[in-house]
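Structure first, then comments.
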Amino acid sequence: MDISKGMKKTFVLDTNVLLHSHSSIFSFKDNEVVIPLGVIEELDRFKGGSDERGREARSVSRALDNLREKGRLFEGVKLDAGGSIQILIDSEIEIPYGFDKEKVDNRILACALFLKKKGKNTFFISKDINSRIKADALGILTEDFETNKIDIDELYNGWREVVLPAKDIDLFLSNRGLDYPKSNLFFNEFVLLKAAENENKTALAKYSGDVRQLVPLFHMNAKPWGIEPVNLQQKFAVELLMCNEIHLVTLVGRAGTGKTLLALACGLQKTIDEHVYRKLLVSRPIMPLGKDIGFLPGSKDDKLSHWMQPIFDNLEFVMDRLYSNSDDVDKKIKFLIESKKIQIEAITYIRGRSIPKQFLIVDEAQNLTPHEVKTIVSRAGDGTKIVLTGDPYQIDNPYLDSSSNGLNYVVEKFKNKKLFGHVILNKSERSELSALASNLL
């Protein structure tokens, strides 16, 4: 949003904006920020949580409490940037006709309408779509909080085609490398080389930014735990997953493209067979039922098993290719988990840990905020590899979309870093029906 020009604006913030990022209250430069009392009440409800929302709620409360040293919040506290932050008491503000007066969301909207009627240049900022629709119906200018928005249509692909003279491709194959001084490629970006004279003459390469060369894939024929990549993008994904010098990998693709399966197979290869990492740690956000595993009976592991079933399904698929007897498959998976070679963990419990020398897979990472992904990646200790997988078009978090999720944010921020690799997988390989469903539905 452009807040640098024109008359001073008044931004009324919804609760979900503060829970998305506690620093949002300081993101509006020299303009007025108004936080309705209903928002503070909702923060009070969240502040006891052990998840990311609870931590953000506590951080907002601390920031507002620190501002009290500079003035009275109900009068508005001046900020160094020239703006102000005010807590607006809404007890005497009339709720618009037809709106449920018991809903805090409607009280918050009423505050924005109240300020608009007073002649303020009012904007209602919310990550809730329905709240923005209701605000628009009331004639209030409304926007999403878009600080970390990434255009999904311009997301880095991770590979491209390059047309070269046939002699250059022959030189690349014979010398196992080719100088490529052009600066338009990113570190670890893959290239499908095609001959200008004969498009059937091709080669696969990866860009090494250190020496500005196209180099061959080092794991072209790899079949980690019997899983063979079956298309071009899967070959690229295996290369990233198997290279020890690449410490952060993002795999983006629709259902059935093999993201999680390839990550698990390569993780098992690097952990069990090659002993590069101490253990394989698999995690995913818990979105349904209020993001809380406490609704289910049993121990933490019993509860997690329900949410981690897609991981176990992929593990069984890998094991089925190695063992013909289903009992042997179950025993092998049980042994790997009991021996702590494979550890299943909820995202909630990752924060605060230091994770050294582990192969960490974060599945369904599109359901994480940019701040949550930062928290996870910053947990990486010495020798750890982190793999983020997900589908930006299949988001369960009500306050994220295909442009604002943490997975896309990481891709954009890391896309030209030496220790990072990324690829978008386009083709579903789960089954013909799955591929058709992904395209049609």
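The values are calculated or read from the model by the stated rules, or taken from the named source; none is laboratory data. Model, not experiment: these values are computed from the prediction. Quick reminder, even Gly has a Cβ in these numbers, built from the backbone with ideal geometry, and neighbours come from all protein chains shown.
Worth a mention:
- Top-ranked residue in region 192-251 [being of a type in the set (Ser, Thr, Tyr) and closer than 19 Å to ILE424 by Cβ; ranked as surrounded by the most Cβ atoms within 10 Å (Cβ to Cβ)]: THR250
Table: residues versus (1) surrounded by 13 or more Cβ atoms within 10 Å (Cβ to Cβ); (2) farther than 24 Å from GLY390 by Cα; (3) at pLDDT below 80.
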| site | (1), (2), (3) |
| --- | --- |
| MET287 | yes, no, yes |
| GLY290 | no, no, yes |
| GLN309 | no, no, yes |
| PHE312 | yes, no, no |
| SER324 | no, yes, yes |
| ILE344 | yes, no, no |
| GLN358 | yes, no, no |
| ALA365 | yes, no, no |
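- Test: LEU251 is assigned by TED's automatic domain parsing to the domain that holds VAL318 and assigned to a helix (DSSP H, G or I): no
- Complete set of residues in region 174-233 that are in contact with a Pro (Cβ under 7 Å, 6 or more places away or on another chain), in a loop (DSSP other than H, G, I, E, B) and among the small types (Gly, Ala, Ser): ALA196
Okay, residues lined up against (1) touching a residue at least 24 places away in the same chain (Cβ under 8 Å); (2) charged (D, E, K, R); (3) closer than 22 Å to THR122 by Cβ:
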residue: PHE28; (1), (2), (3): yes, no, yes
residue: GLY38; (1), (2), (3): yes, no, yes
residue: GLU42; (1), (2), (3): yes, yes, yes
residue: GLY48; (1), (2), (3): no, no, no
